[in-house]
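The values are calculated or read from the model by the stated rules, or taken from the named source; none is laboratory data. On a predicted model such as this, the values are computed, not experimentally measured, just so you know. Heads up, the Cβs are rebuilt from the backbone with ideal geometry, glycines too, and the neighbour counts pull from every protein chain shown.
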Amino acid sequence: MAGRASRREAERLLVSGRVRINGEVVMELGTKVVPGRDRVEVDEVVVEPVEGSTWIALHKPTGVLTTRSDPHGGRTVYDILPTDAGGLRYVGRLDRDTEGLLLLCNEGDVIHGLTHPGNQVEREYRAWVLGVPNRTTLRRLVEGVALEDGPARARRARLLEREGDHALVGLVLTEGRKREVRRMLDTVGHPVRRLTRVRFGAVELGDLAPGHWRELDEEERTKLRALAGAR
């Protein structure tokens, strides 16, 4: 209810001794607490339930980190969002140099479902790359390329635009591995010059400007819960 973890993640936190209730370490699964009366801490940080469901779509700019805090002083997505959004968790990451749609919410189970590889929730990207991929190259991306952490494939790959020795490629993936799009395009000989995520599941970036955010409507939330396998 605080957006800190899914039920499964909460169980792992408990059995690893990272949860305190009223100052005492608790490791028994199913331990009950009363919100507003009992003090719950994870790694010595108090967590509190958030009333109601909160979903935000953010257009993450380049140069901003998808992390809670940066020990080196870098700007994070939480520096962009209002202070009362600090309890929200991001749904998948975007690396520092990638811009575009980032979802944040306080429904831990839905986050887990949306990011679980088995649910194959689509992420759509627009990538400006060096060179112009031909049909064979685009087919390779769909059939799969070998990366150091295993094969990776796009569900769809198409050439959208060309400008001199650069091209705009549209890619749809169903995984969220680290820098996966960039590594796939590097492997086929077309390094990324600019990368934007334009859709995550049922939510599109649309005309949301970099650094701006909006709340999701109920239809978008319902569709995301369905994709996550949640009620």
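Taking the condition of being under 23 Å from ASP165 (Cα atoms) and part of a loop (DSSP other than H, G, I, E, B), how many residues in region 125-153 meet it?
Matching residues across region 125-153 total 4.
Every residue in region 47-74 that is out of contact with any Cys (no Cβ under 9 Å at 6 or more places or on another chain) and closer than 20 Å to LEU205 by Cβ, please.
Answer for region 47-74, where residues must be out of contact with any Cys (no Cβ under 9 Å at 6 or more places or on another chain) and closer than 20 Å to LEU205 by Cβ: ALA57, LEU58, HIS59, LYS60, PRO61, THR62, GLY63, VAL64, LEU65, THR66.
Considering only region 68-80, state which residues are closer than 15 Å to ARG93 by Cα and modelled with pLDDT under 90.
ARG68, SER69, ASP70
Within region 137-147, is even one residue small (Gly, Ala, Ser) and touching a residue at least 60 places away in the same chain (Cβ under 8 Å)?
No: region 137-147 contains no residue that is small (Gly, Ala, Ser) and touching a residue at least 60 places away in the same chain (Cβ under 8 Å).
Go through region 188-231 and give me each residue that's assigned to a loop (DSSP other than H, G, I, E, B) and either surrounded by 17 or more Cβ atoms within 10 Å (Cβ to Cβ) or among the hydrophobic types (A, V, I, L, M, F, W, C) (or both).
VAL188, HIS190, GLY201, ALA202, LEU205, LEU208, ALA209, LEU216, ALA228, ALA230
Taking the conditions exactly as written (out of contact with any helix residue (DSSP H, G or I) (no Cβ under 9 Å at 6 or more places or on another chain) and surrounded by 17 or more Cβ atoms within 10 Å (Cβ to Cβ)), does VAL25 satisfy them or not?
It is false that VAL25 is out of contact with any helix residue (DSSP H, G or I) (no Cβ under 9 Å at 6 or more places or on another chain) and surrounded by 17 or more Cβ atoms within 10 Å (Cβ to Cβ).
Is there a residue being in contact with a strand residue (DSSP E or B) (Cβ under 6 Å, 6 or more places away or on another chain), surrounded by 17 or more Cβ atoms within 10 Å (Cβ to Cβ), among the hydroxyl-bearing types (Ser, Thr, Tyr) and not in a loop (DSSP other than H, G, I, E, B) anywhere in region 175-187?
The answer is no, given that none of the residues of region 175-187 is in contact with a strand residue (DSSP E or B) (Cβ under 6 Å, 6 or more places away or on another chain), surrounded by 17 or more Cβ atoms within 10 Å (Cβ to Cβ), among the hydroxyl-bearing types (Ser, Thr, Tyr) and not in a loop (DSSP other than H, G, I, E, B).
What are the residues in region 206-231 that are touching a Gly at 6+ places or on another chain (Cβ under 6 Å) and at negative phi, if any?
Result: LEU224, LEU227, ALA228, ALA230.
Looking at (1) of a type in the set (Val, Ile, Thr); (2) modelled with pLDDT of 90 or more; (3) assigned by TED's automatic domain parsing to the domain that holds LYS223, which is the one condition that is false for THR83?
Going through the list (1) of a type in the set (Val, Ile, Thr); (2) modelled with pLDDT of 90 or more; (3) assigned by TED's automatic domain parsing to the domain that holds LYS223, THR83 breaks only (2).
Among HIS59, HIS72, which is of a type outside the set (Gly, Ala, Ser) and part of a loop (DSSP other than H, G, I, E, B)?
HIS72
Test of understanding: among PRO49, PRO35, which residue is surrounded by 12 or more Cβ atoms within 10 Å (Cβ to Cβ), modelled with pLDDT under 90 and either in contact with a Pro (Cβ under 9 Å, 6 or more places away or on another chain) or not in a loop (DSSP other than H, G, I, E, B) (or both)?
Numbers: PRO35 fails: surrounded by 12 or more Cβ atoms within 10 Å (Cβ to Cβ).
Only one candidate passes the filter, namely PRO49.
Of the residues ARG8, ARG89, which single one is over 29 Å from ARG214 (Cβ atoms), of a type in the set (D, E, K, R) and touching a residue at least 40 places away in the same chain (Cβ under 8 Å)? If you could, list the steps in order and put the result at the bottom.
Numbers: ARG89 fails: over 29 Å from ARG214 (Cβ atoms).
Within the list ARG8, ARG89, the selection yields ARG8.
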